[in-house]
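Worksheet: the structure to be examined is printed underneath.
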Amino acid sequence: MGVDTFWHHSSAADAPAIPRPALPGNRDADVAIIGAGFTGLWTAHSLLRADPSLRVVVLERDTVGFGASGRNGGWCVGDYGGPEKAVAKAGGADAVERMAREMHRSVDEVGAVVAQAGIDCGYHKGGALYFAVNDGQWRRVRHHHAELVRHGLGDAWTLLDAAAAADVVHAAGIRGGLITPHAATVNPAALARGLAREVERLGGVVHEGTPVRSFGDGAVRTAHGTVRADVTVLATEAYTRTIEGHERAMLPLANTVIATEPIADSTWASIGLADRQLFEYASNLLGYGQRTADNRIVWGGLSAAYRWKMGIPASAHFVPRVAERLRTMLGRLFPELQGIGVSHRWGGVLGVPRDLLPGVGFDRAAGLAWGGGYTGQGVAAANAAGRTLADLIRGADSDLVHLPWVAHRSRAWEAEPLPWLGVHAALTAAHTVDAVDRLRSRFHR
């Protein structure tokens, strides 16, 4: 079943999906990377940029950017997932600030590589606004800002009152917002494809249509042959569970995204987002959007579907009722868009670690490196992960290898029915809080 995302369609002229050959048989490499999403590609790119002599082989079960890397909402944001309290508990008092500063640098690093390599992915650094439309949301936004300030990040985030937030985006009933300049819009599929071409230009090899069955003892075993390598990098996010022995390493959650038809300039004048700021509706079940380079809105979230025994939905997929809910909510936030046509509907699968904290690391004795667990925040974070993994593998001493997420590994998820019960309990609670917020807002009007 083929991909059916706006991103893949709109990037076709720039980066046609020419199939890459599968692994033709057994081969040797210095580094074998499992997964041609952002973590795997940035690791390969960083390794080859530092040492072009390395033999780097990337193995992808489907096509470059087929998973979450090509299906997300196009948010390249200076965040890396994980609640601030959990990050601080895991990494110390300064962990939140250190990680956030590196994520901010990653947004710029992505932009620098895009410019240098000439990757046409619509990268535009216009910032991101997280806005509230009722008292409950506004209370959570103010609390989040206070936490950021407490962790030394007050210079990176600005709290806006209703008038200032409405100057950015004219959402109905807007109460205020939180804005950061450390964010950029991208077409993620075009970025992934362009990055793969850059990896190949630097001397790396990317094999598509090559599912990995297992790995260990210096060998990565696939249906088409075995790659023997000094180092194996596991960069498979939600798809980690397809590899033997890692079935409960990452919990897959599905998300739905839509793209509208192009919106007229006259309508944009009443919506705002003049600098193509990313925007997020601050409900517990988040709604996140961006203004694309061709003046559509790509809008996702408001749900997180889970399948029994951590099943991964087939691609391309989407949940029709969630897609309609997204369109309806967009019309409520922007009455000018009521009845707007939707050109594309699709889904993606993000990986959630057991403790909600991403991690990167390298066990030199075992020759195994890993990175991921961004819980939907991986477009920029994967760049930092790739650069960090490259330094760890090469033995380079840098600020990256001393970041709090280095060497962190989440424990495996429990067997069913505990994951199913936990996910659905959390979703029910989120739906309930959002419903109560809406009712209270109507009552106090």
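Each reported figure results from applying straightforward, stated rules to the coordinates on display, with no laboratory input. Bear in mind that the values here come from a model prediction, so they are computed numbers and not experimental data. Because the Cβ atoms are built from the backbone with ideal geometry, glycine has one as well, and the counts that use them run over all protein chains shown.
Some observations on this one:
- Placing R0 at 41 angstrom, the Cβ-Cβ distance between ARG213 and HIS144 gives a FRET efficiency of 0.45 after rounding to 0.05.
- Segment 1-112 shape via C-alpha gyration tensor axes, a/c threshold 1.5: oblate
- Gain in span if fully extended, ARG440 to ALA365, counting 0.36 nm per residue against the direct Cα distance: 21.3 nm
- Using the rule -39500 (n - 2.57) for each DSSP H run of four or more residues, divided by the residues of the chain, the 222 nm mean residue ellipticity is -11000 deg cm²/dmol.
- For segment 106-180, projected area of the alpha-carbon convex hull averaged over all directions, nm²: 6.0 nm²
- Highest mean packing first, where packing is the average number of other Cβ atoms within 10 Å per residue, the peptides 225-234, 61-70, 188-197, 25-34 line up as 188-197, 61-70, 225-234, 25-34.
- Relative contact order (%) - the chain, alpha-carbon pairs under 8 angstrom, separation at least six: 24 percent
- Computed from label points 7 Å out along Cα-Cβ, the spacing between ALA223 and MET329 is 3.6 nm.
- Panel order for SER441, SER106, by other beta carbons found within 10 Å of each beta carbon, from fewest to most: SER441, SER106.
- In segment 195-281, GluC sites (Glu not before Pro) in a DSSP loop with at most 11 other beta-carbon atoms within 10 Å: GLU244
- For the chain, projected area of the alpha-carbon convex hull averaged over all directions, nm²: 19.9 nm²
- Inter-site label distance for ASP275 and ALA112 at 7 Å from Cα along Cβ, in nm: 2.1 nm
- Per-pair calculated FRET efficiency, R0 = 25 Å: ASP135 and ASP155 via Cβ, rounded to 0.05: 0.35
- C-alpha center-to-center spacing [segment 81-149, segment 377-444] in angstrom: 13 Å
- ASP28-ARG197 pseudo-label distance in nm [points 7 Å out on the Cα-to-Cβ vector]: 3.3 nm
- Amide N proximity, segment 347-385 versus ALA90 label position 7 Å along Cα-to-Cβ, cut-off under 13 Å: 352-361, 371-377
- Contour excess over end-to-end distance, with Cα ends at LEU356 and ALA412 and 0.36 nm allotted per residue: 19.0 nm
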